[in-house]
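Dumping the structure here so I can ask a few things about it.
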């Protein structure tokens, strides 16, 4: 009977799972986010924007205001579909998307979710096909113009 010196060793374990988890952790760390889901070839993260005190029709918005960034369909060349959605203050939109566009990240939607919200929130969706850590660095640059 084989007994490895490392009690956690499993000869059937897939090493790529550890690599995927490590990439997801790096992705989140670069963004200043927390991992919400990590699977082989995909990762989801979020950043809270709870500091934004928003009311809708005079009532406090108590659900989490956040940014979500993820990658999925990571291929053998290291490229993935990278997507994101973020709640921005109206005055943050132009600065944020200027950095995204300069970094060749597609801005796919800019819209509101609510009527009669104060301050006015605008939601921006973005996407790219590239290595996830490259995407994360570009988005982190765009996030640096916000007050998060």
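Kindly indicate the residue of segment 63-78 that is surrounded by 10 or more Cβ atoms within 10 Å (Cβ to Cβ) and out of contact with any helix residue (DSSP H, G or I) (no Cβ under 9 Å at 6 or more places or on another chain) and also nearest to residue 140 (Cα to Cα) among those meeting that condition.
So, considering only residues that are surrounded by 10 or more Cβ atoms within 10 Å (Cβ to Cβ) and out of contact with any helix residue (DSSP H, G or I) (no Cβ under 9 Å at 6 or more places or on another chain), the one nearest to residue 140 (Cα to Cα) is 68.
Within the set of pairs 6+ apart or on separate chains, which have a first residue in segment 34-46 that is touching a residue at least 24 places away in the same chain (Cβ under 8 Å) and at positive phi, a second that is in a strand (DSSP E or B) and surrounded by 13 or more Cβ atoms within 10 Å (Cβ to Cβ), and C-beta atoms under 8 Å apart?
Note: pairs meeting the criteria are 41/72; 41/80.
Let me ask something else about it. Tally time: how many residues in segment 102-121 are surrounded by fewer than 19 Cβ atoms within 10 Å (Cβ to Cβ) and farther than 24 Å from residue 75 by Cα?
So the answer is 13.
Name every residue in segment 11-38 that is loosely packed, with under 13 Cβ neighbours inside 10 Å and modelled with pLDDT under 95, in order of residue number.
Answer for segment 11-38, where residues must be loosely packed, with under 13 Cβ neighbours inside 10 Å and modelled with pLDDT under 95: 11, 12, 13, 14, 15, 16, 17, 18, 19, 22.
Here is a further query. Is one or more of the residues making up segment 104-123 over 24 Å from residue 146 (Cβ atoms) and not in a strand (DSSP E or B)? If you could, list the steps in order and put the result at the bottom.
The first filter runs over segment 104-123 and keeps only residues over 24 Å from residue 146 (Cβ atoms), leaving none.
Scanning segment 104-123, I find no residue that is over 24 Å from residue 146 (Cβ atoms) and not in a strand (DSSP E or B), so the answer is no.
On the basis of being over 24 Å from residue 39 (Cα atoms), modelled with pLDDT of 95 or more and assigned to a strand (DSSP E or B), does residue 100 make the cut? Walk me through it before giving the result.
Values: over 24 Å from residue 39 (Cα atoms): yes; modelled with pLDDT of 95 or more: yes; assigned to a strand (DSSP E or B): no.
It is false that residue 100 is over 24 Å from residue 39 (Cα atoms), modelled with pLDDT of 95 or more and assigned to a strand (DSSP E or B).
Can you name every residue in segment 87-97 that is exposed (fewer than 13 other Cβ atoms within 10 Å of the Cβ) and in contact (Cβ under 8 Å) with a residue 12 or more places away in the chain?
In the first step, residues of segment 87-97 are kept if they are exposed (fewer than 13 other Cβ atoms within 10 Å of the Cβ); the result is 90-91, 94.
Scanning segment 87-97 gives a single hit, 90.
Can you tell me which residue within segment 125-145, out of those that are without any contact (Cβ under 8 Å) to a residue 60 or more places away in the chain, touching a strand residue (DSSP E or B) at 6+ places or on another chain (Cβ under 9 Å) and farther than 18 Å from residue 78 by Cα, is surrounded by the most Cβ atoms within 10 Å (Cβ to Cβ)?
Filtering segment 125-145 for residues that are without any contact (Cβ under 8 Å) to a residue 60 or more places away in the chain, touching a strand residue (DSSP E or B) at 6+ places or on another chain (Cβ under 9 Å) and farther than 18 Å from residue 78 by Cα, the one surrounded by the most Cβ atoms within 10 Å (Cβ to Cβ) comes out as 126.
Let me ask something additional. Could you check segment 107-124 and list, in sequence order, the residues that are in contact with a helix residue (DSSP H, G or I) (Cβ under 8 Å, 6 or more places away or on another chain) and without any contact (Cβ under 8 Å) to a residue 24 or more places away in the chain?
Narrowing segment 107-124 to residues in contact with a helix residue (DSSP H, G or I) (Cβ under 8 Å, 6 or more places away or on another chain): 107, 110, 119-122, 124.
Correct list: 107, 110.
The values are calculated or read from the model by the stated rules, or taken from the named source; none is laboratory data. As the structure is a prediction and not an experimental result, all values here were calculated from the model. All Cβ positions, even for glycine, are placed from backbone atoms using ideal geometry, and neighbour counts span all protein chains on display.
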